[in-house]
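The values are calculated or read from the model by the stated rules, or taken from the named source; none is laboratory data. Keep in mind that what you see is a predicted model, and the values were worked out from it rather than measured. In this analysis, Cβ positions are derived from the backbone assuming ideal geometry, glycine residues included, and neighbour counts consider all displayed protein chains.
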Ligand code: SAM
């Protein structure tokens, strides 16, 4: 069953309406007809099975047959901070963040990250990232969209991650490998914990930047002796963080933690 994004304030209506890009895609590209069923997703965990009632060029009226509210599932959140890469690489990472399951994404400027052009096009770029994230949500069936923050500098990013009981900096000059042991934290920490994960730019971090991360309580971790491209490291590192965190922090919770509507029924 095909999936479509709908704003949270509409997914709880008995007779929701799709408009804009989603309606256009349904009506003009897929040539959907009345009576067909689709899945609506709001990106905050609610998924509704709905039947099409009427199709206009840029407006589709539906009736909801069934509604699921996915549980958050894991006792942790993953917050990824990525030193800004070229647009195409960042866009690739944004999609993977949704596929693998990131809760929050923070792009930041480091010494060697992609230079920010004057009058930076950050608003347009962020809107594109949000569109790509919704596409990845529909493709993967992950009912949770990550929160995408605005581009910030190094120190505001460090402050934004300061509360994380587990803070990991992926550094190719580190010999200590990422492992399950990295996911231990003080006993007094309770509830869902935030895991802060940071990846560098294509040019890597300077020694002085790494020293600052360590002063801020980051563990520097390695993905092995080979130097990975920034995009590769961002994908491989994130997948391993999710896997190891689930092993270390949520052994008791059976997977998947939410009804997986991804199956194209
Ligand atoms: N300094 C690298 C070089 O000499 O080519 C460039 C950095 S690498 C292309 C980009 C980012 O990927 C790094 O900042 C780091 O976050 C991550 N990375 C790449 N290989 C890694 C590894 N083996 N272990 C941990 N992180 C790695």
So which residues in region 204-216 are more than 8 Å from the ligand (Cβ to nearest atom), assigned to a loop (DSSP other than H, G, I, E, B) and touching a helix residue (DSSP H, G or I) at 6+ places or on another chain (Cβ under 9 Å), if there are any at all?
-> 216
Verdict on residue 227 being buried (at least 16 other Cβ atoms within 10 Å of the Cβ), farther than 16 Å from residue 110 by Cβ and within 13 Å of the ligand (Cβ to nearest atom) | no
If only one of 189, 198 is more than 21 Å from the chain's Cα centre (by Cα) and either modelled with pLDDT under 95 or within 16 Å of the ligand (Cβ to nearest atom) (or both), which one is it?
-> 189
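For region 56-70, check the following and say yes or no: at least one residue is touching a residue at least 40 places away in the same chain (Cβ under 8 Å), part of a loop (DSSP other than H, G, I, E, B) and farther than 23 Å from residue 128 by Cα.
yes
I'd like to check something: does region 152-159 contain any residue that is part of a loop (DSSP other than H, G, I, E, B) and more than 9 Å from the ligand (Cβ to nearest atom)?
no
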Select from region 163-203 the residues that are surrounded by 20 or more Cβ atoms within 10 Å (Cβ to Cβ), assigned to a loop (DSSP other than H, G, I, E, B) and touching a helix residue (DSSP H, G or I) at 6+ places or on another chain (Cβ under 9 Å) and list them in ascending order.
-> 171, 178, 200, 201
Considering each of 26, 39 in turn, give the residue that is under 27 Å from the mean Cα position of the chain (by Cα), under 23 Å from residue 144 (Cβ atoms) and in a strand (DSSP E or B).
-> 39
